[in-house]
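First up is the structure itself, then whatever we jot down about it.
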């Protein structure tokens, strides 16, 4: 399957309409999260933890992310997994090559702004190869297609590590009827929302 070139090269042209959808869904996600009362937000995060709990029985390192601009905050689940004995990894994008890899994380790990201002672990952390990957997204459909931020970092990582289990994390309002697919897009194995676990 074709994958996009490194970030230092000109990006390939995505399917028409992706940029507009990405912008609209970012706004909708931000407004949705802002509309949630504190109790409702806490209940939603508890629901994510409930749906993700079966992953605690799986073997191997678990990768997550630091929520940014309305993304689902999965840090409570990552802390739970860490204290249950799992090795946890977070993404790191070096400024030098534009690629993405995963770095060993624990609750005392320092975070600093990285690509697009997204908090990430220091580069000195040990690299990990996760067997399960929880990935943020901007929109999804029930076939497992994922609309990301547009940088192609996750799609390139997915292509290089096809055996990892790919699980999208999203608010239910981020679902769309159908997403256009480009040659480099790699579908998810599952999507988890505050309402359900979706297995395409």
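Among the candidates 116, 95, the residue that is assigned to a helix (DSSP H, G or I), at pLDDT below 95, out of contact with any strand residue (DSSP E or B) (no Cβ under 9 Å at 6 or more places or on another chain) and farther than 25 Å from residue 40 by Cβ is uniquely 116. Restricting attention to the stretch 113-137, the residues being surrounded by 13 or more Cβ atoms within 10 Å (Cβ to Cβ) and more than 27 Å from residue 56 (Cβ to Cβ) number 3. Within the stretch 102-112, the set of residues being in a strand (DSSP E or B) and exposed (fewer than 15 other Cβ atoms within 10 Å of the Cβ) comprises 111, 112. Test residue 125 against the criterion of being touching a residue at least 40 places away in the same chain (Cβ under 8 Å), more than 27 Å from residue 173 (Cβ to Cβ) and part of a loop (DSSP other than H, G, I, E, B), and give yes or no. No. Condition check: farther than 25 Å from residue 26 by Cβ and modelled with pLDDT of 95 or more. Does residue 82 satisfy that? Judged against the criteria, residue 82 is a match. Do we find that residue 19 is part of a helix (DSSP H, G or I), modelled with pLDDT of 95 or more and exposed (fewer than 14 other Cβ atoms within 10 Å of the Cβ) in this structure? No: the conditions fail for residue 19. Taking the listed residues 77, 48, the one that is within 26 Å of residue 156 (Cα to Cα) and assigned to a helix (DSSP H, G or I) is 77, with no other qualifying. For the stretch 98-113, a residue qualifies if it is within 30 Å of residue 46 (Cβ to Cβ) and in contact (Cβ under 8 Å) with a residue 12 or more places away in the chain, and the qualifying residues are 100, 102, 103, 104, 105, 106, 107, 109, 110, 111.
Scanning the stretch 145-168 for residues that are touching a strand residue (DSSP E or B) at 6+ places or on another chain (Cβ under 9 Å) and either more than 19 Å from residue 17 (Cβ to Cβ) or in a strand (DSSP E or B) (or both) yields 146, 147, 153, 154, 157, 158, 161, 164, 165, 166, 167, 168. Of everything in the stretch 168-187, what is in contact (Cβ under 8 Å) with a residue 40 or more places away in the chain and within 26 Å of residue 42 (Cβ to Cβ)? Give them in sequence order. Scanning the stretch 168-187 gives 169, 170, 171, 173, 174.
So that you can scan it fast, the table gives a plain yes or no per residue for (1) on the phi < 0 side of the Ramachandran plot; (2) under 16 Å from the mean Cα position of the chain (by Cα):
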{"position": "109", "(1), (2)": "yes, no"}
{"position": "120", "(1), (2)": "yes, yes"}
{"position": "123", "(1), (2)": "yes, no"}
{"position": "144", "(1), (2)": "no, yes"}
{"position": "147", "(1), (2)": "yes, yes"}
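Considering only residues in the stretch 50-74 that are surrounded by 15 or more Cβ atoms within 10 Å (Cβ to Cβ) and out of contact with any strand residue (DSSP E or B) (no Cβ under 8 Å at 6 or more places or on another chain), the one that is nearest to residue 108 (Cα to Cα) turns out to be 73. Condition check: in contact (Cβ under 8 Å) with a residue 60 or more places away in the chain, surrounded by fewer than 19 Cβ atoms within 10 Å (Cβ to Cβ), touching a strand residue (DSSP E or B) at 6+ places or on another chain (Cβ under 6 Å) and on the phi < 0 side of the Ramachandran plot. Does residue 192 satisfy that? No, not satisfied. Restricted to the stretch 168-178, and to residues there that are touching a helix residue (DSSP H, G or I) at 6+ places or on another chain (Cβ under 8 Å) and crowded, with 19+ Cβ neighbours inside 10 Å, the residue that is farthest from residue 89 (Cα to Cα) is 174.
The values are calculated or read from the model by the stated rules, or taken from the named source; none is laboratory data. Remember, predicted model here, so these are calculated numbers, not experimental data. So basically every Cβ, Gly included, is an ideal-geometry build from the backbone, and we count neighbours across all protein chains shown.
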